[in-house]
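A.B. asks: I am attaching a structure below and will ask some questions about it afterwards.
The values are calculated or read from the model by the stated rules, or taken from the named source; none is laboratory data. Here the structure is a predicted model, which is why all the values come from computation and not from measurement. Here the Cβ is made from the backbone with ideal geometry for all residues, glycine too, and neighbour counts use every protein chain on show. With ligands, DNA and RNA removed, areas are computed over all heavy atoms of the protein, side chains included. Shrake-Rupley method; radii C 1.70, N 1.55, O 1.52, S 1.80 Å.
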Amino acid sequence: MSGVNRFSLWSLLAALLIALALAFMGVSLKTGLLEFRGADRVVSVKGLAEREVAADLALWPVNFSVSGDSLDRLQADIETQQGLVRSFLLLKGFTEADIQLSVPKIVDQHANSYGANLPPERYRAEVTVLVRTDDVEGVKAGMQSVGELVKSGVALTQSYEFQPSFIFTQLESIKPQMIADATADARAAADQFARDSGSAVGNIRRASQGYFSIEDVDPFTPEVKRIRVVTNIDYSLD
């Protein structure tokens, strides 16, 4: 075989190899682009779950005030009125274990007063008797009948620091189902989006759970709570 023929053969082989390499690179590049475009096919949705539950713990602070010119007399009046409040609560069906006595907050009303405008009694005590119970209905009924304490001589006061509260303590028992409900709600939204776009929902790419919020259903029924959770999920689209 002449040198010219050999050179032509090698040139042909080299050209074929280059063509094959370019074809392979083209296919690989196309596949890579398709995979990259597929990675961008994601739908982000939110799932919501809500539930109404009844509070299972009530905290009811019964606040009253006592005034006097001597600390000995003041303490005696505090104990007398604490006894009246305790008797009232026991008559309403609460137990000794439900009732907690607080340390009185005593103020010398003359300490920061000057001239002729001194309060008639030197000392004033703010006292709280706390009811902590799972008898939520009993607390609601008792709050409606505190006028009986006033009639017996207890000077009830409103305290912005200590307000009745109703609490739901069993959140952990309903968390799994609520998360499942929120996830199902998110999946339904993703399915609808996929149908509208002519796609199919694939796997979860990313998911995050929002915090659980517990709020009163309305200002008039604080013993009924609304629990809410939102999940954020990214699904791939096929």
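A.B. asks: Return the FRET efficiency for the residue pair LEU90, SER70: r is the Cβ-Cβ distance, R0 is 30 Å, and the value is rounded to the nearest 0.05.
C.D. replies: 0.50
A.B. asks: Just the number please: accessible area per residue for the stretch 98-238, 1.4 Å probe, all protein chains included, in Å².
C.D. replies: 63 Å²
A.B. asks: Using a Förster distance of 22 Å, how high is the FRET efficiency between LEU130 and TYR160, based on the Cβ-Cβ distance and rounded to 0.05?
C.D. replies: After rounding to 0.05, the efficiency reads 0.85.
A.B. asks: Three principal axis extents, largest first, for the C-alpha atoms of the stretch 42-186, in Å?
C.D. replies: So the three principal-axis extents are 78, 39, 22 Å.
A.B. asks: Over the stretch 167-238, what percent of the accessible surface lies on carbon and sulfur atoms, probe 1.4 Å?
C.D. replies: Of all accessible area on the stretch 167-238, carbon and sulfur atoms account for 51 percent.
A.B. asks: Could you pull the Cα extents of the stretch 101-238 along its three principal axes, largest to smallest, in whole Å?
C.D. replies: Its Cα atoms span 85, 36, 24 Å along the three principal axes.
A.B. asks: Whole Å is fine, so just give me how far the alpha carbon centre of the stretch 46-65 lies from that of the stretch 103-174.
C.D. replies: 19 Å
A.B. asks: Can you tell me how the stretch 56-118 classifies by the Cα gyration tensor, rounded, prolate or oblate, using a/c under 1.5 as the rounded cut?
C.D. replies: In terms of gyration-tensor shape, prolate.
A.B. asks: Of the listed pairs LYS92/LYS225; LYS105/LYS225; LYS105/LYS151, which have alpha-carbon separations greater than 31 Å here?
C.D. replies: Distance filter (> 31 Å) returns LYS105/LYS225.
A.B. asks: Then there's this: For LYS46, list the lysines whose Cα falls under 22 Å from its own Cα; do not include residues on the same chain fewer than 8 positions away.
C.D. replies: Qualifying lysines at Cα under 22 Å: LYS175.
A.B. asks: Something else: Contour minus end-to-end for VAL217 and ASP56, with contour as 0.36 nm per residue of separation and end-to-end as the Cα-Cα distance?
C.D. replies: Full-extension gain reported as 56.5 nm.
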